[in-house]
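To start, the structure under review is shown below, and the notes come after it.
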Amino acid sequence: MTIRQLSDRAINQIAAGEVIERPASVVKELVENALDAGATRIEVATAAGGKTLLRVSDDGSGMTRADLALAVERHCTSKLSEDDLFDIRSLGFRGEALPSIGAVSRLTLTSRHADEPHAWQIAVEGGAKEEPRPASRTAGTQVEVRDLFFATPARLKFLKSDRAEAGAIADVVKRLALAHPHVRFELGGTDRQTVTYAAATGETAHKARVAQVIGAEFVENALTIDALREGVRMTGLASLPTFHRANTLSQYFFVNGRPVRDKLLMSALRGAYADVLARDRHPVVVLFIDLDPRLVDVNVHPAKADVRFRDAQLVRGLVVGGLKQAFTAAGYRASSHNASAALSVLGRSVAGGPQQEGAAARPYPAASAPVQHDWRASAFRPLDAGAMPPGAPSGPEAGAAVVAPAATGLAEEQAVMDRLDAPSADARAHEETVPDDRERRPLGAARAQIHETYIIAQTETGLVIVDQHAAHERLVYERLKEALGRREVPRQGLLIPEVVELPEEDVARLTERAEELEAVGLVLEAFGPGAVAVRETPALLGQIDIKGLVRDLADDLAEWDKATRVRERLDHVAATMACHGSVRAGRRMRPAEMDALLRDMEATPLSGQCNHGRPTWIELKLSDIERLFGRK
């Protein structure tokens, strides 16, 4: 076939296919343009999930008539200085969004610049452009997109339902709103309820916006992140390990203010939470990475969803190290969500009342409306023979004994109450006296152990329930990790070195990192141009698949330029040893042991959750407990 030049119409439609994947892509491009124009108020309106209507209005700087005509031409932009593609300091940069949108829809662009006496409007339909004409608008820009993909109807078949597309648009607005708390966002239309994110100012602006978008509960259970490494800074909020979700939809990353879903950052996040979170659970984060624009390429993806860092390992190390440092600083802290869940369960139990096996639920009256019982009348009511209290007379005298004057009944009732006020020796948790100042400690003073599994501690403001096995497991694990970090890992020599055949480039990578691998117990050396010989392995790992381990290490070095598999496996062994070497559920603990466990938890990083991500303790405030019993 002969080579021919494609028509402008075909070129624009190809570009539109790269940039405009769905209605949410249009919203992202238009809102980013509004932000680059300095808008402080942005309104987004949609219909049919954005398929029939998308309208974005802003109060930004606006465009002149000449700018308006160029804005719908390909490869025209105001966001590059000296044509330097590696000095991107704005959200938009490709110069293809508006012409690409106009190529597959009916686009109307209305804008007014401060230097113009009135607004100007231009229309593009299926790639055909009209001349700008005068229009009415006070300030800023409005872009209206109707009948998206009408010019390429085949693309419509690949769109999802109106509800799904509307949800994708909402997610785009959320992400941009998180990055720009000083801007007021409003999202509405015929296919949704109006949502408004009010502008926030001051030092707490980002937290206020996060609370608006994700919820105040996350902010209450999040750690403040602020880490710096070699000019790259990471700030934001990251959830406590005990506050998590079933998917990754609540993970928000921003690079120089640009929302991204980058594989490197997602992988680093998993690594940071590796030994504090269950594998099927995911943290909630809002993290901002800020660095010199020349150190990151934001022009690698048409839709600007991915970025490429010049020093990927530096960024990965910053994310993992910064988050782990925050976890360590948090110490024993656990999510308040655990207490809320416990109170919810207790509330349902109180409302439902005790049930006998096989019996239907018969709820007690609500605690807020207790049953009024007239105990004075009961003093004159004869007791059934089967209901006689211990020591009560029987036989003919029984009736006379229980049918007593009111004064006698009152005296007996008071005697019973007096006995209830007296302390019972059987009710004491132990004979030892716990100093009063222990109740002022964060985890309180150990008072009892129930079911040989849970420790009950009393604080000044409530009580703490501790899972003794989970708590001690974390303490042992942290000590083992500290020991591994302090000294060289014990090694075991192989009688016959294990030879592993690999590509030459993998052999080179492994031998370059031989000292690093030796520090974690793996000793290897080059064995010809296409193999390595493994002479020693970490003793803690026991019998292992050496070839599989070495190949995984080579893959790690090729992808991340860092050998992590040995350390990860050592951490896994340490976690297993901690699980088997910790206080088991079912063991009765002495008061001194229980109190010592609480004090160790207060002094040990990450003690708020076990190695599997489960909480080690839950605090119930006295006010919440009183509310359960209708005392407040």
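The values are calculated or read from the model by the stated rules, or taken from the named source; none is laboratory data. Just so you know, these numbers come straight off a predicted model, no measurement behind them. Note: ideal-geometry Cβ built from the backbone for every residue, glycine included; neighbour counts use all protein chains shown.
Tell me, which residue of region 484-515 that is exposed (fewer than 14 other Cβ atoms within 10 Å of the Cβ) and at pLDDT below 85 is nearest to residue 542 (Cα to Cα)?
Only one residue tops the list, namely 490.
Here are some conditions: (1) modelled with pLDDT of 75 or more; (2) within 43 Å of the chain's Cα centre (by Cα); (3) not basic (Lys, Arg). Residue 429 meets all but one. Which one does it not meet?
For residue 429, the exception is condition (1).
Got a sec? Which of 220, 203 is over 21 Å from residue 170 (Cα atoms), of a type in the set (Asp, Glu) and touching a Ser or Thr at 6+ places or on another chain (Cβ under 8 Å)?
After applying the criteria, what remains is 220.
Give the residues of region 207-228 that are surrounded by 15 or more Cβ atoms within 10 Å (Cβ to Cβ) and either part of a loop (DSSP other than H, G, I, E, B) or touching a residue at least 40 places away in the same chain (Cβ under 8 Å) (or both), sorted by residue number.
210, 214, 217, 218, 221, 222, 223, 225, 227 - these are the residues of region 207-228 that are surrounded by 15 or more Cβ atoms within 10 Å (Cβ to Cβ) and either part of a loop (DSSP other than H, G, I, E, B) or touching a residue at least 40 places away in the same chain (Cβ under 8 Å) (or both).
Take the residues in region 465-518 that are assigned to a helix (DSSP H, G or I) and in contact with a Pro (Cβ under 8 Å, 6 or more places away or on another chain), then tell me which one is farthest from residue 551 (Cα to Cα). Even if it seems obvious, please write down each step before you answer.
Let us first name the residues in region 465-518 that are assigned to a helix (DSSP H, G or I), namely 468-486, 504-512, 514-518.
Keeping just the survivors that are in contact with a Pro (Cβ under 8 Å, 6 or more places away or on another chain) gives 470, 478, 504, 507.
On the way: 470: 34, 478: 29, 504: 13, 507: 10 Å.
Once the filter is applied, the top-ranked residue is 470.
Do you know which residues across region 223-240 are among the charged types (D, E, K, R) and on the phi > 0 side of the Ramachandran plot?
Taking region 223-240 as the starting set, the residues that turn out to be among the charged types (D, E, K, R) are 226, 229-230, 233.
The one that is among the charged types (D, E, K, R) and on the phi > 0 side of the Ramachandran plot: 230.
The rows are residues; the columns are (1) more than 30 Å from residue 609 (Cα to Cα); (2) assigned by TED's automatic domain parsing to the domain that holds residue 323; (3) surrounded by fewer than 18 Cβ atoms within 10 Å (Cβ to Cβ).
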{"position": "150", "(1), (2), (3)": "yes, no, yes"}
{"position": "155", "(1), (2), (3)": "yes, no, no"}
{"position": "160", "(1), (2), (3)": "yes, no, yes"}
{"position": "238", "(1), (2), (3)": "no, yes, no"}
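Of the residues 285, 307, 296, which is outside the structural domain of residue 468 (by TED's automatic domain parsing), closer than 23 Å to residue 172 by Cβ, β-branched (Val, Ile, Thr) and touching a helix residue (DSSP H, G or I) at 6+ places or on another chain (Cβ under 7 Å)?
Going through 285, 307, 296 in turn, just one is outside the structural domain of residue 468 (by TED's automatic domain parsing), closer than 23 Å to residue 172 by Cβ, β-branched (Val, Ile, Thr) and touching a helix residue (DSSP H, G or I) at 6+ places or on another chain (Cβ under 7 Å): 285.
For region 569-584, does any single residue satisfy the condition of being in a strand (DSSP E or B) and at pLDDT below 85?
No, every residue in region 569-584 fails to be in a strand (DSSP E or B) and at pLDDT below 85.
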